[in-house]
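Novice: I have a structure I would like to understand better, so I am pasting it below and will then ask my questions one at a time.
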Amino acid sequence: MRSKNCSLLVLLITYGIECFAQTISGNVRDHDYVDLELPSGRLWATCNVGATKATEYGDYFAWGETEPKKDFTWENYKWAKDNGQFMTKYCTKKEEGKVDNKIVLDKVDDAATANWGSAWRIPTSKEIQELLDGCSWEWTNNFEGSGIAGRIGHSRKNQNTIFLPAAGYYNGTENSLVHNEGYYWSSSLFKNTMNGSYFLCFANYYIDWRGNKRFNGRSVRAVVSENVVVSKKK
C-alpha cells in the first residue's frame, strides 16, 4: 500500500496536479457553500456567480449591474454619465455626481442576489478582509488537474479550503489577464478614488484588496446573506 501511495504522489508531482479539493460544507437554495469558521460565521460560495463549479470563471459584471455583458465601458455603465465624470447613484461627493451617500449596494443592484436569489449577496469589503485574514493563501497553476490557475485559501480554523480562479477582468471587450490574475467585486464603495469600488485582487505574487473603476467587468463570489437557514452536508 505504501508503494502505491508513493507512486501516486510521484505521478501527481510529475504532472503538476494539485492535491487540494474545494470543500463543500452545505447548500443554500441550490448553491454550495464552504464554512471556513470565520469570526463572523460568514459562509462563502464554492463557485463564482454564473459558474457551476469552482474551476469555471463564471460571468463578469460591472459594479452595481446585475446582468453580465461582453463590453465594459463608461459609456454603457448603468450609473454613469459624461464618460464616468458624473455618477447617478452611489455618490458621496457633489463634484462627482448626484449625492445619495449610498456606500453599499442596494439588493436590487446586487448581482449575486439578482442571479441566485435573496439567500445570497456580494460580500462587503470588511468581509473580504475577513476572508483574507481567516485563510492562508497559495497560488496554483493547475487546480485539481483542471489547468485552471488561481488562489487556494486554507482556513486557519479547520481543514476546509476555498478556490478562487484567476478569471482576469474586462476593460472594453478585452480580458488579457485571465489565468494570471483574479478580480472579485465587493459591495462597498471605495471612498478614496473617484468612481471606484472595492474589490479583491490577486496574482501569483500577491493577494489584497483595492479600489478602482466601477465600469470594469469583474467576477462575483457570493456569500450567504444573514438570517438564512443553511443545510449542512452530512
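Novice: Checking the structure you have, find out if any residue of the stretch 90-97 is assigned to a loop (DSSP other than H, G, I, E, B), in contact with a Gly (Cβ under 8 Å, 6 or more places away or on another chain) and modelled with pLDDT of 95 or more.
Specialist: Checked against the condition, which is being assigned to a loop (DSSP other than H, G, I, E, B), in contact with a Gly (Cβ under 8 Å, 6 or more places away or on another chain) and modelled with pLDDT of 95 or more, the stretch 90-97 yields no hits at all.
Novice: Evaluate the following for K234: is it assigned to a loop (DSSP other than H, G, I, E, B), open to solvent by 50 Å² or more (accessible area, probe 1.4 Å), modelled with pLDDT under 95 and not β-branched (V, I, T)?
Specialist: Answer is yes for this residue.
Novice: Tell me, which residue of the stretch 31-60 that is of a type in the set (V, I, T) and assigned to a loop (DSSP other than H, G, I, E, B) is surrounded by the most Cβ atoms within 10 Å (Cβ to Cβ)?
Specialist: V49
Novice: Looking at (1) small (G, A, S); (2) within 15 Å of the chain's Cα centre (by Cα); (3) under 26 Å from V28 (Cβ atoms), find the lone condition where S146 falls short.
Specialist: (2)
Novice: Pick out, from the stretch 135-181, the strands (runs of 3 or more DSSP E) lying fully within it that include 1 or more residues that are in contact with a Pro (Cβ under 8 Å, 6 or more places away or on another chain).
Specialist: 150-155
Novice: When you go through N142, N227, N195 one by one, which is the residue that is at pLDDT 95 or above and of a type in the set (S, T, N, Q)?
Specialist: N142
Novice: Kindly provide the set of residues from the stretch 61-78 that are closer than 17 Å to T113 by Cβ and either open to solvent by less than 40 Å² (accessible area, probe 1.4 Å) or modelled with pLDDT under 95 (or both), ordered by number.
Specialist: Within the stretch 61-78, F61, A62, W63, G64, E65, T66 qualify.
For (1) open to solvent by less than 40 Å² (accessible area, probe 1.4 Å); (2) free of Cβ contacts under 8 Å to residues at least 60 places away in the same chain; (3) touching a helix residue (DSSP H, G or I) at 6+ places or on another chain (Cβ under 9 Å), each residue gets a yes or a no:
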{"residue": "R151", "(1), (2), (3)": "yes, yes, no"}
{"residue": "T161", "(1), (2), (3)": "yes, no, no"}
{"residue": "A167", "(1), (2), (3)": "yes, no, no"}
{"residue": "E174", "(1), (2), (3)": "no, yes, no"}
{"residue": "S188", "(1), (2), (3)": "yes, no, yes"}
{"residue": "C201", "(1), (2), (3)": "yes, yes, no"}
{"residue": "W209", "(1), (2), (3)": "no, no, yes"}
{"residue": "N216", "(1), (2), (3)": "yes, no, no"}
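Novice: Could we say that N171 is farther than 26 Å from V104 by Cβ and of a type outside the set (D, E) here?
Specialist: no
The values are calculated or read from the model by the stated rules, or taken from the named source; none is laboratory data. All values derive from a computational prediction rather than experimental measurement. Neighbour counts run over all protein chains shown; Cβ positions are idealised from the backbone, glycine included. These area figures cover heavy atoms from the full protein model, side chains too; ligands, DNA and RNA do not enter into them. Shrake-Rupley method; radii C 1.70, N 1.55, O 1.52, S 1.80 Å.
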